[in-house]
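Peer 1: One structure follows; several queries about it will come next.
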Amino acid sequence: MANVDYEVGASAANETKAIKVDMKFEIVVIPVSDVDRAKAFYARLGWRLDADFASGDDFRVIQFTPPGSGCSVIFGKNVTAAAPGSAQGLYLIVSDIDAARQQLVDLGIEVGEVFHGANGVYTGTDEPYLFGRIRVSGPDPNHGSYRSFASFRDPDGNGWLFQELTTRLPGRIDSTSTTYASTNDLANAMRRAAAAHGKHEARIGKADANWPDWYAEYMASEQSGKEPPQ
């Protein structure tokens, strides 16, 4: 029994230590058939080229990072045994799905129309992966966060999804910090705060001189998944 207690205690201690170590998910491997073609495509998207490294004729790895992303993608020669085009349901989180889609369309990239899923229905034939199985044309009628999508593919058929996210669910980020991945995300958050503050002023029937604090509380609450001020 003493030995068992020791093992349980040691396990619990190890788990406690593990929780304190940050584990940052930074790389997704994408299987491609033509490395240079894939490189040209992701460069065309405007993604940052971080690396293009080769070792002889048998190995090559290329890394790209989407704007504002903490996670990158890599592909190349002898990087993965997965079949080219088999990566599906790769999510790109955006604050304005129409703007994100139009940006790619302007670059000549074929992007599907904005769609939303049928509420409570998780089976269908539109796509074989999450949130794409049933596609209802147009954005979510209530413009709910997490609910509007648009999809595109790279030359090998690897499938990407834009997902519009304006307010995160509680617990998804550190509630003690407020950060934005890009100036565009920050600007969009300020626009949402401005629109909400306008309604606030209409309710109180006068101008709110304390609007900077109101904006700050609204934007921090939105980021942490808390109920924003009304």
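The values are calculated or read from the model by the stated rules, or taken from the named source; none is laboratory data. Fair warning: this is a prediction, and the values are worked out from it, not measured in the lab. Ideal geometry is used to build each Cβ from the backbone, glycine not excepted, and the neighbour counts take in all protein chains shown. All accessible areas refer to the heavy atoms of the entire protein, side chains included, with ligands and DNA or RNA removed. Shrake-Rupley method; radii C 1.70, N 1.55, O 1.52, S 1.80 Å.
Peer 1: What does the charge count around P31 come to, taking other residues whose C-beta lies under 12 Å from its C-beta (Lys +1, Arg +1, Asp -1, Glu -1)?
Peer 2: -2
Peer 1: Then there's this: Give me the extension gain from R48 to H143: residue separation times 0.36 nm, minus the current Cα-Cα distance, reported in nm with one decimal.
Peer 2: Gain on stretching R48 to H143: 31.2 nm.
Peer 1: Moving to a separate point now. Over the Cα atoms of the range 22-85, what radius of gyration and what Dmax do you get, in Å?
Peer 2: 11.7, 36
Peer 1: So, with a 1.4 angstrom probe, what is the percent of accessible area on the range 183-224 that is carbon and sulfur?
Peer 2: Roughly 57 percent, rounded to a whole number.
Peer 1: Just to make sure I understand: if all protein chains stay in place, what is the order of D96, D22, D140 by accessible area at 1.4 Å, largest first?
Peer 2: Ranked list, largest accessible area first: D22, D96, D140.
Peer 1: What lysines could a cross-link reach from K199, if we take a straight Cα to Cα line under 24 Å and drop same-chain neighbours fewer than 8 places away?
Peer 2: Correct list for K199: K226.
Peer 1: Would you mind calculating the gained length between R168 and E201 on full extension (0.36 nm times residue separation, minus the Cα-Cα distance), in nm to one decimal?
Peer 2: 9.4 nm
Peer 1: Something else about it: Modelling each spin label as a point 7 Å along the Cα-to-Cβ direction, I'd like the Q102/N184 distance in nm, to one decimal.
Peer 2: Distance between the two pseudo-spin positions: 1.2 nm.
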